[in-house]
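Take a look at the structure below.
What follows is calculated from the coordinates using simple rules that are stated; it is not laboratory data. Nothing here was measured: the structure is a model prediction, and the numbers come from that model. All Cβ positions, glycine included, derive from the backbone under ideal geometry; neighbour counts span all protein chains shown.
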Amino acid sequence: MQREPTEKEIRLVIAASSAGTIFEWYDFFIYGTLAGLIGAAFFPSDNETLQVLLVWAGFAVGFGFRPLGAILFGFLGDRLGRKYTFLVTVTLMGIATAGVGLIPSAASIGLAAPIIVICLRILQGLALGGEYGGAAIYVAEHAPPEKRGFYTSFIQASVVGGFVLSIVVVIACRALIPADDFAAWGWRIPFLLSIVLLGISLWMRLKLSESPVFQAMKAAGETSANPFKESMTYPGNPKRIFVALFGITGILTTIWYTAFFSGLSFLRGPMRVEEGIVEWMLLIAGTISMSFYIVVGKWSDRVGRKKPIIIGAIASLVLLFPIFWGMGALANPGLNQSAEAAPVTVSGAACEYDPFAEVQASACGRVLQDLTALGVPYAIEDTSSATTVSVGGAANDYAALADADRRSSIQGWLENAGYSFERQTPPLSSILGIIGLLLVCGVLSALTYGSVAALLCEMFPARIRYSSMSIPYHIGAGYLGGFLPLIAGYIVAMTGNVYSGLWYTIAIVAFGLVVAWWGIPDGPPKDFEDAHG
């Protein structure tokens, strides 16, 4: 009979699994944290919006390959074991991330630079597809049932920890390296640091023994011959996979990326807050938020896994727009005031904007490109073919402007009407208010994420657990969450409204809420065998 792990062994399991998860997500998030500099190095474009979208497209590519990694490493995890599978994933992630720091810029090697970046992002996505399921299952299979939510919540907190660590490293590098040098070459150091983090993670994880549940299955000859096929055909699994994809992962991943990545890009981009201040606000909010996941995980051991997710989803539908409106009002009140006092309307022939075009097809489209890059909301007047930008009722003809002068001229018209494009340093009271609103986002994320590792482990049979939970989780996180910055950015670019990207999150969460209400088991937590045996 398989012996129960001791408390000391469980603490080591949690520490090693969580540390590895922190390091692996650090590797993944450092790309998003340094999105602006990566865009300049590898995706340069005269269209600033296109440059940003190309960076987020590269971000999304990594996520797009997570389901394939889930299938590959899920198969290995269910066939060969939990421990060695996530040793492979963390090694692959560390090597791929360090590689990004070694790629010459597009100015040096041309198109080869973004192609190599995309290839390394694919490797990162494959690795991450195997990491989360392995770490979550490994901890869950060591944990006593009555503490499973509490113990596995450290894995959820570690995902935020990876984001926090990426910000800590960037802040430290900015403090030690002059700004021009950091923009030129210093941004590569956080990527190269992955080699050090990889060494620490491997050292910790090599101390671990195999999961007791997997050892027992292997000894009894009960491991699955084809975990992927069995995941698709096991009785009741198609429904459970559907619920895990839309009712669990769809909710948690869109709220998570809205809370942290959309918050980061919103404050740094259209709100024009000083980058260092934004990073410190996210660092403080993220660090405090880590504790929320643990509280929710522990709470779910008493009330069940469903209640926190339903509460978090409903609260998100109600609060997300007010949270971002509040952050905008605190971060850059002048922008809102200027937009109300001097609204911008644009008219002209073929007034359409394609965010993915290097050069817009019409003069009016180029004006919309400039307004989007400046973060200024606008409306299009279809009733007139006059080539004008109206700012607070004052019409300005842009037809005669040369392309080289267009951006500065439009900015000048806006500044004359009271718009400011200086980097913002909000007063301390506003900074504290923004941190408070980011913490509310952290609570929403924790409610929908804190109990998920335990829930997913309990939803699927042990013999195919790695594959069954990893596949829907990484399809949801990879496509619904990973493409969020790109899709939200596209919506903002097309509408001219910096808040409109939130509708993507609202739509996914609303659908997910219906699925979660229908499909997540009610009542106290139960092992799969107890619930379905």
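Note on the chain: antiparallel DSSP beta bridges, both residues inside, total approximately 75 percent of the bridges counted. In a reduced charge model with +1 at each Lys and Arg Cβ and -1 at each Asp and Glu Cβ, the chain shows a dipole moment near 1860 debye about its Cα centre.
Relative intensity of the stretch 366-478 on a log10 scale, I(q)/I(0) at q = 0.10, 0.16, 0.18 Å⁻¹, equals -0.64, -0.84, -0.94, per a Debye sum over C-alpha point scatterers of equal strength in the absence of solvent.
Considering only 52, 85, 36, and ranking their Cα positions along the charge dipole of the stretch 1-143 that arises from unit charges at the beta-carbon of Lys, Arg, Asp and Glu, the one farthest toward the positive end is 85.
Kindly provide the helix-only [θ] at 222 nm of the chain, computed as the sum of -39,500 (n - 2.57) over DSSP H runs of four or more divided by all residues, to the nearest 500 deg cm²/dmol? Mean residue ellipticity, 222 nm, calculated: -22000 deg cm²/dmol. When the C-alpha to C-alpha distance is required to be over 19 Å, the pairs from 307/526; 147/218; 8/147; 239/298; 147/239 that qualify are 147/218; 239/298; 147/239.
Here the peptides 438-447, 503-512, 315-324 are ranked by packing, the mean other Cβ count within 10 Å, and the order with the highest first is 438-447, 503-512, 315-324. For the chain, the longest principal axis of the C-alpha atoms and the axis of helix 363-374 are separated by about 60°.
Here 181, 78 are placed in order of increasing Cβ neighbour count within 10 Å, fewest first, which gives 181, 78. Within the shell of other residues whose beta carbon sits under 11 angstrom from the beta carbon of residue 280, the net charge comes to -2, with Lys and Arg scored +1 and Asp and Glu -1. Dipole check for the stretch 335-416: with +1 at the C-beta of Lys and Arg, -1 at the C-beta of Asp and Glu, and the Cα centre as origin, the magnitude is about 120 Debye. Here is the short version for the chain: 119, 173, 441, 457 have no other Cys C-beta closer than 4.7 Å. Relative to the longest principal axis of the Cα atoms of the chain, the long axis of helix 275-303 makes an angle of roughly 30 degrees.
Net charge in the neighbourhood of residue 407 (other residues with Cβ under 13 Å of its Cβ; Lys, Arg +1, Asp, Glu -1) is -4. Among residues other than residue 372 with Cβ under 15 Å from its Cβ, the summed charge is -2 (Lys and Arg +1, Asp and Glu -1).
Neighbour counting of Cβ atoms within 10 Å sorts the residues 165, 37, fewest neighbours leading, into 37, 165.
Fewest neighbouring Cβ atoms within 10 Å first, the residues 474, 142 line up as 142, 474.
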